[in-house]
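Below: the structure, in structure tokens.
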Amino acid sequence: MGDKQAVFKVLKKNYSLLAHNTFGFDVKANSFFDYQSVADLRDFIRQGGLTEPYLHIGGGSNLLFTQDYEGLVLHSQIKTVEVLEETPEWVCVRVGAGMVWDDFVAYAVERSWYGIENLSWIPGEVGAAAVQNIGAYGVEAKDVIVEVETLTSEGVEKRYAVSECAYAYRKSLFKTEAYKNEFVTHVTFRLRKQACFKLEYGAIRQELANYPETTLSLVRQVIISIRKEKLPDPKEWGNGGSFFMNPIVSNELFRQLKEEFPAMPFYELEDGRVKIPAGWMIEACGWKGKRLGPAGVFEKQALVLVNLGGATGADVIALSNAVRASVYEMFKIDICPEVNFI
Ligand SMILES: Cc1cc2nc3c(=O)[nH]c(=O)nc-3n(C[C@H](O)[C@H](O)[C@H](O)COP(=O)(O)OP(=O)(O)OC[C@H]3O[C@@H](n4cnc5c(N)ncnc54)[C@H](O)[C@@H]3O)c2cc1C
């Protein structure tokens, strides 16, 4: 076991989380523990570090702090990348949970590893990508994850094959209450070494038509530019990305809605249900570009709620409640927040 003094020395008290949440709220945590390795975290746990309520964060890009956090915030600095297995067709790579997600995407693209380029420029870290099952442009983290490793609050290491992670749209085992006491330490991905693109979502194909050849790095570049055009930069406008999940409804309910709202866009899912873009519904309710106090609905993408300057968690919640009520009034659908309220 490591030296108790050394492990606890790095515990920061009354710590501002301003740099750790993309909404830009200056909330504080009682204490903050930034660990470098699984051994560090295990020593901390075994020496009684988890005495108060705790929360493991990544880059804070999907967190909405409603007040100071009266407990301990944990954060991983494990940023290792290790090739476990490689064939001419694919590579299995094990990545530390603390690595910035987009740094890993850049790393993969540089090595001509395919499969995560559509997830370029999503904020946050590798561990949270596996917790959240991040997704964009027809690709989800679960499509490339092989295994997730965790350390429990008892200091026990566990491994979960992807089939055990209960992945669904923005959902996983690790988001459920029963698994909040497990901290993701590493994620193993299986990436292809031969070209295999998914280009039929959004404006990707249209943008690529301006170039003579489709390459991996070009797809990444195009996706980054589309995202920069559409989404607010948290450094300018504090936000947590898509604030609401796109609701999934039965085919029957969708047909009724489509009769009443013929312009309603939709995506048919493999199981017959239908996903409706929440952003379209919010826009249809007239919220796009509108504000409520210091919080607003982003002018270019109605699914994103932004801190217009000086907003608190309560301001954003007041706006989200108002938006949710309008959508319910018009469509009789309750849109659920994707952002984690703390
Ligand atoms: C501008 C913008 C654009 C975005 N675009 C997208 C998008 O296209 N697609 C998408 O899916 N998301 C998107 N998001 C949301 C966000 O980037 C993702 O949810 C991301 O995975 C959050 O990562 P994070 O490291 O910031 O996690 P945090 O926000 O810090 O945490 C998210 C959740 O994961 C848990 N967690 C974090 N790390 C660990 C760990 N090591 N072990 C256990 N639990 C952990 C936290 O407790 C929390 O419940 C966007 C956000 C922003 C601000």
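Some notes on this structure:
- Think of it as helices only: each DSSP H run of n ≥ 4 in the chain is worth -39500 (n - 2.57), and spread over all residues that comes to -7500 deg cm²/dmol at 222 nm.
- ILE333-PHE261 pseudo-label distance in nm [points 7 Å out on the Cα-to-Cβ vector]: 0.6
- Rg/Rh ratio calculated on Cα atoms of the chain (Kirkwood radius): 0.97
- Of the solvent-accessible surface of the chain, computed with a 1.4 Å probe over protein heavy atoms with every protein chain present, carbon and sulfur atoms account for 49 percent.
- Ranked by the mean number of other Cβ atoms within 10 Å per residue, highest first, peptides 226-235, 133-142 order as 133-142, 226-235.
- Computed with a 1.4 Å probe on the full set of protein chains, the accessible area for CYS336 sits at about 60 Å².
- Between the stretch 204-249 and the stretch 117-131, the C-alpha centres lie 13 angstrom from each other.
- Of PHE244, PHE266, the order by accessible heavy-atom surface (1.4 Å probe, DNA, RNA and ligands excluded), from most exposed downward, is PHE266, PHE244.
- A 1.4 Å probe run over the stretch 81-192, with the rest of the protein chains in place, finds 40 Å² accessible per residue.
- Å² per residue, accessible surface of the stretch 238-341 at 1.4 Å: 48
- Approximate shape of the stretch 238-341 as ellipsoid semi-axes (Cα gyration tensor, √5λ), whole Å, largest first: 26, 13, 11
- Probe 1.4 Å - accessible area at GLU252, Å² to nearest ten: 120
- In plain terms, the chain from LYS158 to GLU70 could stretch by 28.9 nm, reckoned as 0.36 nm per residue minus the Cα-Cα distance.
- Karplus-derived HN-Hα couplings along the stretch 336-342 (A = 6.51, B = -1.76, C = 1.60, θ = phi - 60°), whole Hz, x at Gly and Pro: 9, x, 8, 5, 7, 7, 10
- Once backbone amide H atoms are built at 1.01 Å from N, HIS186 has ALA97, GLU149 as its partners under 5 Å, excluding neighbours fewer than 5 places away on the same chain.
The values are calculated or read from the model by the stated rules, or taken from the named source; none is laboratory data. No experiment lies behind these values; they were computed from the predicted model shown. Glycine gets a Cβ as well: all are built from the backbone with ideal geometry, and neighbour counts include every protein chain shown. Side chains included, ligands, DNA and RNA excluded: accessible areas come from the protein's heavy atoms. Shrake-Rupley method; radii C 1.70, N 1.55, O 1.52, S 1.80 Å.
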